[in-house]
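Chemist: What follows is a single structure, and I will ask about it in a moment.
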Amino acid sequence: MFDKTMARKKTNHQINNHYDVIIIGGGLAGLSLANLLGSNSISVCCIDGVDPKKTCKESFDGRTVAISWASHKILESAGLWNMLQPDACPIQDIQILDGESPVLLELLSRDVNKSAFGWIVENHLLRRALYKGISEKETITLVAPMSVEDFSVFDDHAEAITKDGQTFSAPLIIGADGRFSKTRDWMNISVREWSYHQQAFVCTVAHTQSHNHIAVEHFNSEGPFAVLPLTDDKSGQHRSSVVWTESSRREQEIKSWSDERFNQELNLRFPDFYGDVHLVSPRSSFPLGLKHAYSYIGERMALVADAAHAMHPIAGQGLNMGFRDIAVISDLIVKAKAMEEDLGSDLLLRSYQTQRRADNTAMMAATDTLNKIFSIKTPPFAFLRKTGIKAVSRFKPAKRFFIKHAMGTAGVLPDLIEH
Ligand SMILES: Cc1cc2nc3c(=O)[nH]c(=O)nc-3n(C[C@H](O)[C@H](O)[C@H](O)COP(=O)(O)OP(=O)(O)OC[C@H]3O[C@@H](n4cnc5c(N)ncnc54)[C@H](O)[C@@H]3O)c2cc1C
């Protein structure tokens, strides 16, 4: 199945750093994977190029993540949810608006007998909990800041070579090194990719009235404007996170706005019930594009999360899909270890790919289609779109279908995850 020409019979040097699994990349996905494997007695080495002291700061990553119900179960299994919960704001109501229309579709968590659809957590707080989890588990070694520069594959193991010349070996190496994954390049795996010619502007705002745990997704022709509820700050100030997508044509113009002008524009776009709104964080922006690796596996190697698939944030599912990759590959590794089988076998890797590719492909197609459908301005299409959403809002099974996918409960979680 794999190109074995790179493989050599035996390593000819001494290796002191041997683990069950090596993870290249300690972003949100790599750190979560390390925690899940580590809490299941798998010895893991996670190597990341950036200093953890930097990545825990809000100024490093001002984004938030909508953690689905299924992803919270995965974090719970990794022993992290208790730590995160105080900073996680439950989403109990999702309101969808289209252009100038009032609320077209409203989804309530109580309609599906759940306390929340999911939770909004600030990325820097999620990172802090992930590092704490790692520091509490003897099974995990974090090597950071240190970049992996190369790797070699042998008959019975693979080796990652770091910038300072150290060699780390394991029967399986997992690339969690993000959308510009070098691991993917080393594995000679190409990607299907395109740009959305859109830019997501991200910031945190404070507002005078409570958000009442409502998440708002307002679809405009240039892109969605999303308001996601956050926990109040220490002084009791109500806060929300904004993901404002605009055409890349407007990138320089919007970046040039003063904070005062930005606040005025925010107040024009926020629904009235939030009261007065103002920025309480730096503003950051991200170019949006899709990348999907043609394969998630190579000899003794696998890709997870953004290294395998990076998608439009329109449905807040990028990392949630990554969490599902992590759950599936961890389940396979833990079972193989219990049976004393090879953790990097072709069989294990093929099973991982089979279980994850179709699900990720379907979500990428859905986010891509959603973005296209809501970008169409021409009257007949815009009318059909509104009629379609109204029909969904009146038809309970269709509503339930959307809710299940938003919560990540449409698929089955592997045995490793308690559910
Ligand atoms: C505006 C926006 C909003 C989003 N909102 C949501 C949301 O609400 N819900 C959701 O589920 N997803 C969301 N996402 C997607 C989510 O942010 C990503 O899926 C997630 O951050 C990917 O994490 P990762 O760990 O795979 O990659 P990354 O965060 O890119 O981490 C990769 C890591 O690998 C390290 N690395 C790279 N190369 C090397 C090397 N050679 N050696 C060592 N280390 C290396 C880097 O230092 C980095 O730490 C959003 C994305 C955007 C842009």
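Chemist: Just need a number here: residues in the stretch 184-194 that are surrounded by fewer than 24 Cβ atoms within 10 Å (Cβ to Cβ) and closer than 14 Å to E149 by Cα. Lay out the reasoning, then the answer.
Modeler: So in the stretch 184-194, the residues surrounded by fewer than 24 Cβ atoms within 10 Å (Cβ to Cβ) come out as 185-186, 188-194.
Among the residues that remain, those that are also closer than 14 Å to E149 by Cα are: 185-186.
Of the residues in that region, 2 qualify.
Chemist: Follow-up question, since we're still on this one. Please specify each residue of the stretch 57-80 satisfying the condition of being away from the ligand (no atom under 11 Å from the Cβ), over 12 Å from I417 (Cβ atoms) and surrounded by 22 or more Cβ atoms within 10 Å (Cβ to Cβ).
Modeler: The answer is L80, and nothing else.
Chemist: For the stretch 219-238, which positions are surrounded by fewer than 20 Cβ atoms within 10 Å (Cβ to Cβ), in contact with a strand residue (DSSP E or B) (Cβ under 7 Å, 6 or more places away or on another chain) and either under 17 Å from L288 (Cβ atoms) or not hydroxyl-bearing (S, T, Y) (or both)? Write out each step before concluding.
Modeler: First, pick out the residues of the stretch 219-238 that are surrounded by fewer than 20 Cβ atoms within 10 Å (Cβ to Cβ): 220-222, 231-237.
From the residues that got through so far, the ones that are in contact with a strand residue (DSSP E or B) (Cβ under 7 Å, 6 or more places away or on another chain) too are 222, 231-233, 237.
Correct list: E222, D232, D233, Q237.
Chemist: Considering only residues that are within 15 Å of the ligand (Cβ to nearest atom) and of a type in the set (S, T, N, Q), look in the stretch 153-180 and name the one that is nearest to the chain's Cα centre (by Cα).
Modeler: T162
Chemist: Looking at (1) more than 24 Å from S77 (Cβ to Cβ); (2) surrounded by fewer than 23 Cβ atoms within 10 Å (Cβ to Cβ), which is the one condition that is false for E341?
Modeler: That leaves (1) as the condition not met.
Chemist: If we scan the stretch 365-386, do we find a residue that is closer than 29 Å to S195 by Cα, modelled with pLDDT of 90 or more, assigned to a helix (DSSP H, G or I) and out of contact with any helix residue (DSSP H, G or I) (no Cβ under 8 Å at 6 or more places or on another chain)?
Modeler: Yes: one or more hits.
Chemist: Residue check: is T183 modelled with pLDDT of 95 or more, within 15 Å of the ligand (Cβ to nearest atom) and β-branched (V, I, T)?
Modeler: Details: modelled with pLDDT of 95 or more: yes; within 15 Å of the ligand (Cβ to nearest atom): yes; β-branched (V, I, T): yes.
Yes, satisfied.
Chemist: Among residues belonging to the stretch 133-150 that are touching a residue at least 40 places away in the same chain (Cβ under 8 Å) and either among the aromatic types (F, W, Y) or near the ligand (Cβ under 9 Å from one of its atoms) (or both), point out the one that is surrounded by the most Cβ atoms within 10 Å (Cβ to Cβ).
Modeler: Only one residue fits best here, namely V148.
Chemist: Does the stretch 295-310 include one or more residues that are over 18 Å from I174 (Cβ atoms), of a type in the set (S, T, Y) and within 15 Å of the ligand (Cβ to nearest atom)? Explain how you work it out, then say what you get.
Modeler: Let us first name the residues in the stretch 295-310 that are over 18 Å from I174 (Cβ atoms), namely none.
Checking the stretch 295-310: not a single residue is over 18 Å from I174 (Cβ atoms), of a type in the set (S, T, Y) and within 15 Å of the ligand (Cβ to nearest atom).
The values are calculated or read from the model by the stated rules, or taken from the named source; none is laboratory data. Everything quoted here is computed from the prediction, not taken from an experiment. Reconstructed Cβ throughout: ideal geometry from the backbone, glycine too, with neighbour counts over all protein chains shown.
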